[in-house]
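Taking it in order: structure first as structure tokens, then the write-up.
The values are calculated or read from the model by the stated rules, or taken from the named source; none is laboratory data. Note that the structure is predicted; figures quoted are calculated from it, not measured. Heads up, the Cβs are rebuilt from the backbone with ideal geometry, glycines too, and the neighbour counts pull from every protein chain shown.
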Amino acid sequence: MLEVEAVDSGYGFLQVLHGVNLRVEEGELVAILGPNGAGKSTMLKCIAGMLRPWRGEIRFRNRSLAGLKANRVSRLGMGYVSETLNLFTGMSVYENLLLGAYAITDHEIRRQSLDFVFDLFPRLAERRPQLAGTLSGGERKMLAIGRALMGRPALLLVDEPSLGLAPLLTQSVFAALKRLSQDGLTILLVEQNVPGTLEMADRAYVLEQGAVVLEGPARRLQETAHIQEVYMGLR
Amino acid sequence: MIAYLKRRRGLALGAIVLLVLPLIPPFDQEDIRRWLVAGALFAGLAIAFDFTAGYINVVNFGFAAFSGAGGYASALVAIHFNLPPVISMFAGVLVAGLLGLFTGVLTLRFRGIYAAVAAWFLGLALLGITRNITPLTRGPLGLSVPTFLESDSNLPFYYIALGMMVVTYLVLKAVTESRTGLAFRAIGQNMEAARASGVNPTRYRILNFTLSCMFAGWLGAFYAHYYAILTPDVMNTTQTVQVLVIAYLGGRGSLWGPAAIAFPMIFITEWLRANLDRFPGLDLVIYGIVLILVMVYYPGGFAALVSALRPQGIRLICGVGRVGK
Amino acid sequence: MSAVKQARRHGRRSRLEFASMRSPVVLTLAVTAAVAIVGTARAGPFIIVNGLVTGAIWALVAAGLALVFGVMNIPNFAQGEFFLVGSLSGYLVFTNVSPRIGGGLAWAAPIITILVALLVGMLVGGLLDVVIFGQMRRRIREQWVMNTFVVTVGISVVMINGYQLIWGTDYRGIPAYFTAPPIHVLGVGIAIDRVFALAVGAVAISGLWALLRFARLGRAIRAVSQDEAGALMSGIDISRIQTLTFAISSGLAALAGATLLFNFPAFPYVGIKPLYVAWTVVILAGLGNVGGAVVAGFIIALFQTSTSYFIGSQWEDVVPFALIVVILALRPNGLFGRGVRGVWEQ
């Protein structure tokens, strides 16, 4: 579904990614792991079209994303939940969700997606008329994921869902992602919470200093010495 | 002195060119000398304007009003106390400086565009007051002002204007190259970061506004005692726009860029005005289009262009010295 | 900014907008009411009536200004020139259309006129946005507010002098849109043209409000103003929304220009007064606050009419400006301002 080939990218003069390759197959839940500043978020931004790759190619559903702006990429069926969430803080939860379905003009489909999101996150249904800026951290995360789902994505990119959340909330967000994955949604996840993510993911890539250093099925990575040493504090 | 001149090679070269220019044909005609006077005056004004816009990043949109207030103050002192303009000018400096101080204090809590608009409104209020207190200013009828000296030639006026421009440049340049200038740039870039690193934005903004307006008032006084007539229109927004265009085309944050571009700009507009009188307004249309094009495609202006070309040895041709830094 | 801090900030503002308005707001509103009452008592109700009529139109121009600043971060100095576009197209349309349709349909001519002016204004504005600001969006990110401000100054210079070049400096106006005699309200005779202007203002403001509040386009406009990245992620074409926003804003100014044609004939500098007033209004309301601009439009208009009645018409501009400076000194973000958004700061 998604192929990233030899992508270099960065900000201004600063190169962050050095020839990253990765692929996500239909129905998979793939995680990108790695320390702070490894380029995980930068990778997601490139895929979502928020940042332009300097070199290399990104293909989504057999279509090159070269030169497409983020709004075009979004309309191709890519949902993106950024690290900062980018919610419309001055609008209600309901309006935020409606904007997520901006590209969908069919009322019936929009209503179905809304029901689906409210079913997934009942908290959002309770807070429907409330301004997004007044939500708690966990609710904001849910709203951001919900907004991305409203566009009926084929692939969902999620940047650090556990960031800034209490463990209990992290668990419920992870549970929701797991449920989405079981329903057949393809998900690409960036995380620093390595043990929890590897429990859930099908496959994972480990990014260090802008390059992939390890990749493979999550089960196998869990047993790798490097992962256990550096990310799990075992050994 | 030698070392100083060496460091200021470009300036020295420019000054020499400007000193002899009105003596060589075709610049020795009185009509063209008038343009030269206007060029020097606007160069000075653009320097003072850039000192605020290019460093603390606030467009003083009431600039012409402050400058004009300086002109009126100097004119009134010269008329009512019978003082020579050379002395009364300092009344202009004082009044404009006080107005600048007031503006600085008033706008110190505002961010960029709010400060610009607040200064603009203050300028408009000043303009309105000047227009309405007719017993003092004669309002739109215009106030006759004594000139510096009785002379048919524009040459002495030109040297006065040039001297004032050079003094404005040297003083403001010295300030921007000091630690104070560093603080100006810091608060212009990012007020919060500047405050966090111990720069008090309030103090520096007030200082900047006051200094800029003092020179504006001084040059405004020259305007009054050169053209010998003052109408409230000198305080109008269009006058500010004229200075602003020169400052931005010249390249903000360089001081010399606006000064260098002022002369050709004045010449071109005067020439257009003289030769395109069948098409009133065409000169300003061209003016505006050039401004838009520069802002969209080359917002660094002339100064950035010269800096970019410098490695190819253009420096000597352009007669431009070291640019800050 | 951390999520917690952000939540706190928004929490404060959600506790009813009035909670964050402190004494200067109350004071201004009280003074406005006092001026209205005293003015009415001493000079008759026409102060309020005139205030309402001009206020409605200033609110249109100012709402456009606020919208463009809120969505695109452009402090538009050329807003008055779109008023001029409206006056001119209003004049050209009305003088051509009015003689052709007579009799029972005469009332339709002014309506056609202002609608055409609205369209022309939107077209010119949209075109300018594509040609100029679209280019800038692709090229410039730093110093955006100041750069665009200077560019709009350039646009204003070009439009004023371009107008003068083509149409000269003659006044092109009409005595009135409607020939019917004035109607009487509270003992004041009000020309039908003023009633018409008030109605146009009311309809346009309600239309704008409904558009922003309920329409898909309006929601997208608000989304872009609140979070550009979020809007992109939701599939919104920011550039298109910004072009449309600029077009709407210019259209509103042009509509105002055409509506007030009986009072402000088209000539090169006709836009200056609306520009000053719109800026005063917008600063008073807080930049980017469209709703506040409407309220502030009425406040300013009331102060203008009372100043010109009690002090003299030559002070009509001075007093409001001085007032604004005082209000700004007390509330740097404007009366209804909620603090300046991050992007607006340099």
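A few comments on the model shown:
- When residues of segment A:121-161 are limited to those that are among the β-branched types (V, I, T) and either surrounded by 23 or more Cβ atoms within 10 Å (Cβ to Cβ) or away from chain C (no Cβ under 11 Å) (or both), the one farthest from A:Y94 (Cα to Cα): A:V158
- When C:I132, C:I111 are checked against the criterion of being more than 19 Å from the chain's Cα centre (by Cα), assigned to a helix (DSSP H, G or I) and either among the basic types (K, R) or exposed (fewer than 13 other Cβ atoms within 10 Å of the Cβ) (or both), C:I111 stands alone in meeting it.
- With respect to (1) touching a Gly at 6+ places or on another chain (Cβ under 6 Å); (2) over 25 Å from C:W167 (Cβ atoms); (3) not small (G, A, S), the lone exception for B:Y298 is condition (1).
- Filter result (under 19 Å from B:V59 (Cβ atoms) and assigned to a helix (DSSP H, G or I)) within segment C:135-147: C:M136, C:W144, C:V145, C:M146, C:N147
- As for segment A:135-143, it holds no residue that is over 18 Å from the mean Cα position of the chain (by Cα) and in the same structural domain as A:G49 (by TED's automatic domain parsing).
- Close pairs from segment B:120-133: first touching a residue at least 12 places away in the same chain (Cβ under 8 Å), partner of a type in the set (V, I, T), Cβ under 6 Å, at least 6 apart: B:F121/C:I324; B:F121/C:V325; B:L122/B:T103; B:L122/C:V325; B:T130/B:T137
- Among the candidates B:R138, B:R109, residue that is under 25 Å from C:A278 (Cα atoms), basic (K, R) and either more than 23 Å from the chain's Cα centre (by Cα) or at pLDDT 80 or above (or both): B:R109
- Pair list, Cβ under 6 Å, 6 or more apart: segment B:104-119 residue over 14 Å from C:V326 (Cα atoms), other residue at pLDDT below 75: B:R111/C:V340; B:R111/C:E345; B:G112/C:Q346
- Every pair of residues 6+ apart whose Cβ atoms lie under 8 Å, when the first sits in segment B:281-293 and is within 7 Å of chain C (Cβ to nearest Cβ) while the second is buried (at least 18 other Cβ atoms within 10 Å of the Cβ) and not in a helix (DSSP H, G or I): B:G281/C:P268
- Filtered residues of segment B:254-280 (kept if in contact (Cβ under 8 Å) with a residue 60 or more places away in the chain and within 14 Å of another protein chain (Cβ to nearest Cβ)): B:P258, B:M265
- Candidates A:E5, A:E28, filtered to the one that is modelled with pLDDT of 90 or more, within 29 Å of A:F174 (Cβ to Cβ), surrounded by 15 or more Cβ atoms within 10 Å (Cβ to Cβ) and of a type in the set (D, E): A:E28
- Matching residues in segment C:177-218 - criterion: being surrounded by 15 or more Cβ atoms within 10 Å (Cβ to Cβ), at pLDDT below 85 and of a type in the set (S, T, Y): none
- Scanning segment C:203-220 for residues that are more than 25 Å from A:L156 (Cα to Cα), assigned to a helix (DSSP H, G or I) and within 14 Å of another protein chain (Cβ to nearest Cβ) yields a count of 5.
- Meets criteria (part of a helix (DSSP H, G or I) and either away from chain B (no Cβ under 13 Å) or of a type in the set (F, W, Y) (or both)) for C:V200: yes
- Among the conditions (1) outside any helix (DSSP H, G or I); (2) within 17 Å of the chain's Cα centre (by Cα); (3) more than 30 Å from C:T152 (Cα to Cα), the only one that B:G92 does not satisfy is (1).
- Scanning segment B:248-282 for residues that are in a helix (DSSP H, G or I) and surrounded by fewer than 21 Cβ atoms within 10 Å (Cβ to Cβ) turns up B:P264, B:F267, B:I268, B:T269, B:E270, B:W271, B:L272, B:R273, B:A274, B:N275, B:L282.
- Cβ-Cβ distances below 7 Å connect the following pairs, each with a first residue in segment A:153-167 that is outside any helix (DSSP H, G or I) and at pLDDT 90 or above, a second residue that is among the aromatic types (F, W, Y) and buried (at least 23 other Cβ atoms within 10 Å of the Cβ), and a separation of six or more residues or different chains: A:L157/A:Y80.
- In segment C:220-234, residue nearest to the chain's Cα centre (by Cα) [restricted to those that are farther than 16 Å from A:L51 by Cβ and of a type in the set (A, V, I, L, M)]: C:I221
- The number of residues in segment B:167-180 being under 18 Å from B:F49 (Cα atoms) and either out of contact with any helix residue (DSSP H, G or I) (no Cβ under 6 Å at 6 or more places or on another chain) or surrounded by fewer than 20 Cβ atoms within 10 Å (Cβ to Cβ) (or both) comes to 9.
- B:A303 at pLDDT 85 or above and buried (at least 23 other Cβ atoms within 10 Å of the Cβ): no
- Exactly one residue among B:L162, B:L211, B:L182 is part of a helix (DSSP H, G or I) and at pLDDT 90 or above, and that residue is B:L211.
- Checked against the criterion of being more than 13 Å from chain C (Cβ to nearest Cβ) and farther than 16 Å from A:I145 by Cα, the candidates A:I104, A:I109 yield just one match: A:I109.
- A single member of A:S74, A:S41 is within 13 Å of the chain's Cα centre (by Cα), crowded, with 24+ Cβ neighbours inside 10 Å and at pLDDT 90 or above, and it is A:S74.
- Neighbours by Cβ (under 9 Å, 6+ apart or cross-chain): first from segment C:137-165, more than 7 Å from chain B (Cβ to nearest Cβ) and buried (at least 22 other Cβ atoms within 10 Å of the Cβ); second assigned to a loop (DSSP other than H, G, I, E, B) and aromatic (F, W, Y): C:T152/C:F77; C:S156/C:F77; C:I160/C:Y269; C:Y163/C:F267
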